Amino acid sequence: MTPLPSRQPPQKRLAIVPAYNESGAIAGVIDDVLTNAPGFDVLVIDDGSTDRTAEIAAEAGAIVIRHPINLGIGGAMQSGYLYAAENGYEIAVQVDGDGQHDARHIAELLGHLADNPQLDMVTGSRFVTSEGDGYKSSASRRVGIRIFARVISAITGSRVTDPTSGFRMTTRRAIELFARDYPHDYPEVEAILMMHAHQLQSAEIPVLMRSRTSGVSSISPTRSAYYMVKVLLAIFIGLFRSRPNVELGDPAPVAAQSSL
Amino acid sequence: MGLRIQLLSIVVTGGLFVIVFELVRRRKLMERYALLWLFASSVLLVLAVWRGLLNDLARTVGIYYAPSALFAVAFGFILVLLLHFSLVISRLADQNKVLAQRLGLLQQRLDDQERRLARMTQRDAADADAPDRELARHR
């Protein structure tokens with residue numbers, strides 16, 4: 001692992017693992033992180049699983065937050081960032097609960113953040129070098145990823161190759177931002193734009209991802225298309241916002257209190 | 001379709017579109033609930049602007065007064081929107097129930113822990129007050 005400039009007390013680092021019915025893979029993921037990323041606490045967000053995900057995660061040595069209802073990936077990740085913000089973590093890395101992210105890359109993500117102090121987020125991308133070396137996914141998903149990559153690159157003005165990758169590490173500033181406000185469906189895509197809107201910089205480094213070991217993807221092709229339309233709409237309307245996200249002291253981004 | 005009713009239709013449907021868009025922009029309305037509204041208002045706007053399409057539509061389904069066809073389409077959208085909201089409310093009610101139950105169970109566990117803690121501190125205090133009696137009782 002790349003050491004950061006020594007500082008007292010040692011930097012608190014958290015691996016956030018969102019999981020929904022991942023009892024088959026979750027123990028392996030936690031083990032992977034604890035072994036290959038020493039210095040990271042593991043937090044599993046059990047997003048309303050109906051299997052033994054939470055128990056298995058606790059036995060494997062993770063901190064577990066259980067959602068009584070399924071909020072979806074965006075809500076689960078925001079719980080993780082809330083925990084990180086409240087407990088003084090300086091670094092948070094997001095690792096999927098299905099085992100497709102290889103924890104050996106966490107040291108590389110950390111090293112990249114340490115070498116580039118202007119960055120507040122670094123994402124592990126499958127497509128930085130050649131088009132998807134070794135990573136298998138459906139054609140429709142690839143088309144979706146490419147459309148998002150094109151749109152996001154055009155808006156942010158920097159090259160983004162894998163906007164849907166959930167394998168990303170954030171600094172304290174980004175943790176606090178995401179704890180306040182985090183998008184819902186395909187949150188990774190909109191999160192990049194949130195960073196951009198707040199003048200926080202992000203970058204990508206190449207990683208290899210595994211095909212999922214067990215369980216099923218939460219997103220079917222039709223839902224996937226529906227989400228795409230919705231996220232593109234969100235991105236489009238976002239362009240008309242002068243200041244897209246809340247600052248400290250602003251009203252919370254909920255629809256509840258308002259009438260016409 | 002007369003010019004006056006056409007202008008009125010354009011103003012109303014266009015106004016609806018702008019209001020929905022503005023609500024989403026101000027983050028008062030979530031995109032997932034805005035999608036159907038935006039779709040409905042843009043279809044109605046197109047029908048209001050494009051007179052020929054509305055006339056053709058009216059003739060095909062046998063409506064003599066073209067603006068009525070616009071109302072019919074709007075009515076269809078309203079039915080779909082209402083059904084959509086019923087589904088959303090059902091899900092919210094269900095989730096709300098689960099949350100309340102979970103909170104109730106947690107509250108019970110907390111109360112239980114607090115009572116146990118109170119009993120323990122009470123006993124400790126009693127022990128400290130009368131060590132001899134406690135000692136005698138243990139023998």
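The table below lists the values:
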| quantity | calculated |
| --- | --- |
| Distance from the stretch B:66-126 to the stretch A:67-105 (C-alpha centre basis), Å | 24 Å |
| Convex hull volume per residue in cubic angstrom - Cα atoms of chain B | 148 Å³ |
| Solvent-accessible area per residue, Å², over the protein assembly as shown with all protein chains present [probe radius 1.4 Å] | 56 Å² |
| Protein accessible area in the stretch A:13-243, 1.4 Å probe - carbon and sulfur % | 53 percent |
| Low-density loop positions, trypsin sites (Lys or Arg not before Pro), the stretch B:11-114 - DSSP coil, at most 15 other Cβ in 10 Å | B:Arg26 |
| Charge tally in the Cβ shell below 10 Å around A:Tyr226, where Lys, Arg are +1 and Asp, Glu are -1, A:Tyr226 excluded | +2 |
| The stretch A:81-181: trypsin sites (Lys or Arg not before Pro) falling in loop per DSSP and having at most 12 other Cβ within 10 Å | A:Lys136, A:Arg159 |
| Sites matching trypsin sites (Lys or Arg not before Pro) across the stretch A:4-100 that sit in DSSP coil, with at most 12 neighbouring C-beta atoms within 10 Å | A:Arg7 |
| Candidate aspartates and glutamates - alpha carbon under 14 Å from A:Lys12, same-chain residues fewer than 8 apart omitted | A:Asp41, A:Glu86, A:Glu90 |
| Among A:Thr53, A:Gly80, A:Ala203 the positive-end extreme of the charge dipole of the stretch A:13-243 (Cβ point charges) | A:Ala203 |
| Over the protein assembly as shown: helical MRE at 222 nm, DSSP H runs n ≥ 4 each giving -39500 (n - 2.57), nearest 500 | -19000 deg cm²/dmol |
| In order through the stretch A:155-167: 3J(HN,Hα) via Karplus (6.51 cos²θ - 1.76 cosθ + 1.60), integer Hz, x for Gly, Pro | 6, 7, x, 10, 6, 10, 9, 9, x, 9, 5, x, 8 |
| Taking the convex hull of Cα positions in the protein assembly as shown, its mean projected area over all directions (nm²) | 28.7 nm² |
| Per-residue average of Cβ from other chains inside 10 Å of B:21-30 | 6 |
| Accessible area buried at the B-A interface, both sides summed, 1.4 Å probe (Å², nearest 100) | 1900 Å² |
| 34 Å tail of the calculated P(r), the stretch A:13-243, as % of Cα pairs | 7 percent |
| Dipole in debye (nearest 20) - chain B, about Cα centre, beta carbon charges: Lys, Arg +1; Asp, Glu -1 | 240 debye |
| Simple spin-label estimate for A:Thr222 and A:Ile69 in nanometres, 7 Å along Cα-Cβ | 2.4 nm |
| Within the accessible area of the stretch B:3-138 (1.4 Å probe), percent carbon and sulfur | 66 percent |
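The values are calculated or read from the model by the stated rules, or taken from the named source; none is laboratory data. From a predicted model like this one, the values you see are computed outputs, not experimental measurements. We place every Cβ from the backbone using ideal geometry, glycine too, and count neighbours over all the protein chains shown. Side chains included, ligands, DNA and RNA excluded: accessible areas come from the protein's heavy atoms. Shrake-Rupley method; radii C 1.70, N 1.55, O 1.52, S 1.80 Å.
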